Amino acid sequence: MEKRFIDFRSDTVTKPSAGMREAMYEAEVGDDVLGDDPTVKKLEERICSMLGTESALFVSSGTQANLLSIMSHCQRGDEYIAGQSAHCYNHEGGGAAVLGSIQPQPIEFKSDGSLDLDEVAAKIKPDDFHFARTRLLCLENTQDGKALSFDYMKDASIFSRERGLSIHLDGARLFNAAASISRPASEIAALFDTVSVCLSKGLGAPVGSLMCGKKENVDTARRWRKVLGGGMRQAGIIAAAGLYAIENNIERLDEDHQNLQLLRKNLKRLKSLKLFLHRQICFLSNCSGIRPLLPGPL
Ligand SMILES: *Cc1c(COP(=O)(O)O)cnc(C)c1O
């Protein structure tokens, strides 16, 4: 019998399917820096119609999508509030500080992946030249495998508007989050000024992310993308994979979530693999973007 190997390290290890490769092969291309790549344009238009956002920008990675989003809201000497272990603060090489001169104000995530809004309020700096100007609140969804509740996101959105902050969502796994709370992704996106979405995680594209949101932010981001060396030429080759991913693979996320539940249920019976399995399953649930399946060891 042929041995099957399933790599559970991360949802980043997905490889393009035959259909996706075919779409890449067939892609019409042009010079995207000149605005001439029809496939990139189609991908950007398609995500806008799915999320209901004004504009979108195809970028090389989720890290770049977050960095560009932060740089589109904040200027030198401004500040963004994010979770202590947030990707945009803790896993992106300090990019916003290094490249944007934008100071982070991290606070601890609560166990459900949210940021306590009273704590956020307490960290907003007064309008005084001793302090950085607090401009932006960044949420992450899913956060470490947990989907934020819709009500929380709504509260955070209203809160940020009342406080004069912009609000960004690191939605690397936005579609997992949406599937998990059974809401269209557009309802989530509507609560934020900008949203970043990864095509190369559970959606299976080999590369690429999208920065979506208000036109003025995306226009600013387009400029910074060029400055950061992220302008791409015949990028339709990779955009075609992203387009294939959002057209074919979003509806399959539920299947992933169900498979994970099934795996969890069956693996629990193998008591001899306790510790190893606990770690693997926690990691797997983080990657799949659904709530951690195991409150404690198996
Ligand atoms: C993977 C990920 C990103 C982006 O990562 P890249 O490897 O740069 O594409 C951003 N935020 C979260 C929460 C992620 O999991």
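The values are calculated or read from the model by the stated rules, or taken from the named source; none is laboratory data. This is a predicted model, so every value here is computed, not measured. So basically every Cβ, Gly included, is an ideal-geometry build from the backbone, and we count neighbours across all protein chains shown.
Structure summary
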item: Entirely in the range 135-192, the helices (runs of 4 or more DSSP H) that have 2 or more residues that are within 11 Å of the ligand (Cβ to nearest atom); result: 174-181
item: Boolean, Ala82 is near the ligand (Cβ under 10 Å from one of its atoms) and surrounded by 19 or more Cβ atoms within 10 Å (Cβ to Cβ); result: no
item: The range 119-151, subset hydroxyl-bearing (Ser, Thr, Tyr) and buried (at least 18 other Cβ atoms within 10 Å of the Cβ), residue modelled with the lowest pLDDT; result: Thr142
item: Set Phe159, Phe129: member being hydrophobic (A, V, I, L, M, F, W, C) and touching a residue at least 12 places away in the same chain (Cβ under 8 Å); result: Phe159
item: Condition check for Thr53: under 17 Å from the mean Cα position of the chain (by Cα) and modelled with pLDDT under 95; result: no
